[in-house]
Amino acid sequence: MSLIDEDQALIASALKGSAYAWEKLVKRYELKIYNHGLRLTGNSSDAMDLMQEVFLGVYRNLHRFRGDAKFSSWIFRIAHNKAVDMNRRKRLMTSSPKFSTDDEGDEFEKFPGKKELEPEYRLGNIELNVRVLKMLSELSSDQRSIVELKVFQSLTFDEIAELQDISTNTAKTRFYSALKKLKVVSEKQNVLS
Amino acid sequence: MSCPKTHYLLQEYFSENLSAVARDELDRHLTDCVHCNAQLESVLLAQQDLQQWQEQRVPHWDRHLELFRQEHRIDRPVSRFWLSWQWLPTAASLAMLCVLLFNVNVISNDSGFSISFVGSSASGSNLNAQLADFEQAQRLEMQQLVARVEGRQDSTNVQLLQAVMEQAQQSTADSFDQMYAYFEQQRLLDLQDMRAGYEQLVDSDYETIRSLQQLVNYVGYQSDIR
Ligand SMILES: [Zn+2]
């Protein structure tokens, strides 16, 4: 049975009430969604929140899933929407209406990156991940999101454009300017290390 | 030294649906133009840096199973209960109890077999003693079960500790507290899971014992009246 068929079978059983099938379905995607969240938010507690919300959304909408799309695309669409929601909430919580400095445009303000990266044991023994998060922290949330979708989720520019409701050209430009910024950060890191 | 085409060309370089002709043209320019080539190299290096990301383990969470079970409770008990082994001892003890309670006698005589149910106040008190034994045995079995589950829990905790230790190899002594906190949190979560499991188990078992006791009391009461 192919992975897609297996997803379908698990979804059908879960809809009939099999907790086992539901758990198996979650287990298949939680690693991807959690790591996706880590890269987007830069910290594990937000990544955890995001993942829980994504799977709650999946659970609530499972009956709406039509087999015409891949389940993995569907779940990442939900993940994208939840991340946008989370961004909006954070922005509401962190910016006071009077002194709002909206020109920055980066909503994941608490992205640790520079100074307050998490204790290493929570990021595994993974120096490389710390490095990646530091690089991503230099990007605006729009840029970070597009890099995530293109580099880590291997979406096409057309798919990204549709997901983010922008033109394909904007997606391309945004991605390239993000890469240029990352190039500068990466070179700086190489000099330092 | 710079090239006016760099921005446009490199932006297109990452496009998936570039026509074959356009791709050829791009490749040709990239081999000819030193500036574009260098720029592409460094941008690709940055992308490579990102790709060194290592997937990180997901911390313990309940996968919304509690919610799932709550919302699917209606059709759960039937299938779960009868599919599991738990009904077997209950059924056996119930059958035995019937034989005991009604003191079944099978008498063979000229006209064939006859089954009689004999009950007296004397056998009633005898019965209570037997039931006390039965309850004792059940309790013992329960304790063994609990001990077994606890043993298993300990071994998973050890595994967890090992996993955490491995992860923390590079961290220094002052991160030990944080590691301990992490471990403690995982342990508490496991304990919560386990406790919920116990409670269910204990509830169902004591329910059986209690209803048996009520039955005995009732039978005793009936024979007292007679
Ligand atoms: Zn050029």
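The values are calculated or read from the model by the stated rules, or taken from the named source; none is laboratory data. For clarity, every value in this text was computed on a predicted model and none was experimentally measured. Here the Cβ positions follow ideal geometry from the backbone for every residue, glycine too, while neighbour counts run over all protein chains shown.
Give segment B:42-56 a look and list any residue that's facing another protein chain (nearest Cβ under 7 Å) and either farther than 23 Å from residue A:33 by Cα or surrounded by 13 or more Cβ atoms within 10 Å (Cβ to Cβ) (or both), or say none.
Passing the criteria: B:42, B:43, B:45, B:46, B:47, B:49, B:50, B:53, B:54, B:55, B:56.
Sort out which residues of segment A:141-181 are closer than 15 Å to residue B:13 by Cβ, within 8 Å of chain B (Cβ to nearest Cβ) and under 18 Å from the mean Cα position of the chain (by Cα), and write them in order of number.
A:150, A:151, A:156, A:157, A:175, A:179 - these are the residues of segment A:141-181 that are closer than 15 Å to residue B:13 by Cβ, within 8 Å of chain B (Cβ to nearest Cβ) and under 18 Å from the mean Cα position of the chain (by Cα).
Out of the residues in segment A:60-96 that are in contact with a helix residue (DSSP H, G or I) (Cβ under 7 Å, 6 or more places away or on another chain) and over 17 Å from residue A:148 (Cα atoms), which is surrounded by the fewest Cβ atoms within 10 Å (Cβ to Cβ)?
Filtering segment A:60-96 for residues that are in contact with a helix residue (DSSP H, G or I) (Cβ under 7 Å, 6 or more places away or on another chain) and over 17 Å from residue A:148 (Cα atoms), the one surrounded by the fewest Cβ atoms within 10 Å (Cβ to Cβ) comes out as A:63.
Take segment B:29-41 and flag every residue that is among the β-branched types (Val, Ile, Thr) and either facing chain A (nearest Cβ under 7 Å) or surrounded by 15 or more Cβ atoms within 10 Å (Cβ to Cβ) (or both).
Once the filter is applied, which keeps residues that are among the β-branched types (Val, Ile, Thr) and either facing chain A (nearest Cβ under 7 Å) or surrounded by 15 or more Cβ atoms within 10 Å (Cβ to Cβ) (or both), segment B:29-41 yields nothing.
Would you mention how many residues in segment B:20-59 are within 16 Å of the ligand (Cβ to nearest atom) and either basic (Lys, Arg) or touching a residue at least 24 places away in the same chain (Cβ under 8 Å) (or both)?
Counting residues in segment B:20-59 that are within 16 Å of the ligand (Cβ to nearest atom) and either basic (Lys, Arg) or touching a residue at least 24 places away in the same chain (Cβ under 8 Å) (or both) gives 10.
Does residue A:163 meet the test of being of a type in the set (A, V, I, L, M, F, W, C) and modelled with pLDDT of 95 or more? Before you say what the answer is, go through the steps one by one.
Values: of a type in the set (A, V, I, L, M, F, W, C): yes; modelled with pLDDT of 95 or more: no.
Considered against the rule, which asks whether it is of a type in the set (A, V, I, L, M, F, W, C) and modelled with pLDDT of 95 or more, residue A:163 comes out as no.
What are the residues in segment B:44-58 that are over 18 Å from residue A:130 (Cβ atoms) and in contact with a Phe, Trp or Tyr (Cβ under 8 Å, 6 or more places away or on another chain), if any?
B:58
Identify, please: which residue in segment B:9-19 is surrounded by 13 or more Cβ atoms within 10 Å (Cβ to Cβ) and under 15 Å from residue A:171 (Cβ atoms) and is, among those, nearest to the ligand (Cβ to nearest atom)?
Kept after step one, since they are surrounded by 13 or more Cβ atoms within 10 Å (Cβ to Cβ), are these residues of segment B:9-19: B:9-15, B:18.
The next check asks that each one be under 15 Å from residue A:171 (Cβ atoms); those that pass are B:10-15, B:18.
Numbers: B:10: 9, B:11: 13, B:12: 12, B:13: 11, B:14: 16, B:15: 17, B:18: 17 Å.
Among residues in segment B:9-19 that are surrounded by 13 or more Cβ atoms within 10 Å (Cβ to Cβ) and under 15 Å from residue A:171 (Cβ atoms), the one nearest to the ligand (Cβ to nearest atom) is B:10.
Of all the helices (runs of 4 or more DSSP H) wholly in segment A:1-98, which have at least 1 residues that are within 23 Å of residue A:156 (Cα to Cα) and small (Gly, Ala, Ser)?
The helices (runs of 4 or more DSSP H) meeting that bar are A:19-41, A:71-94.
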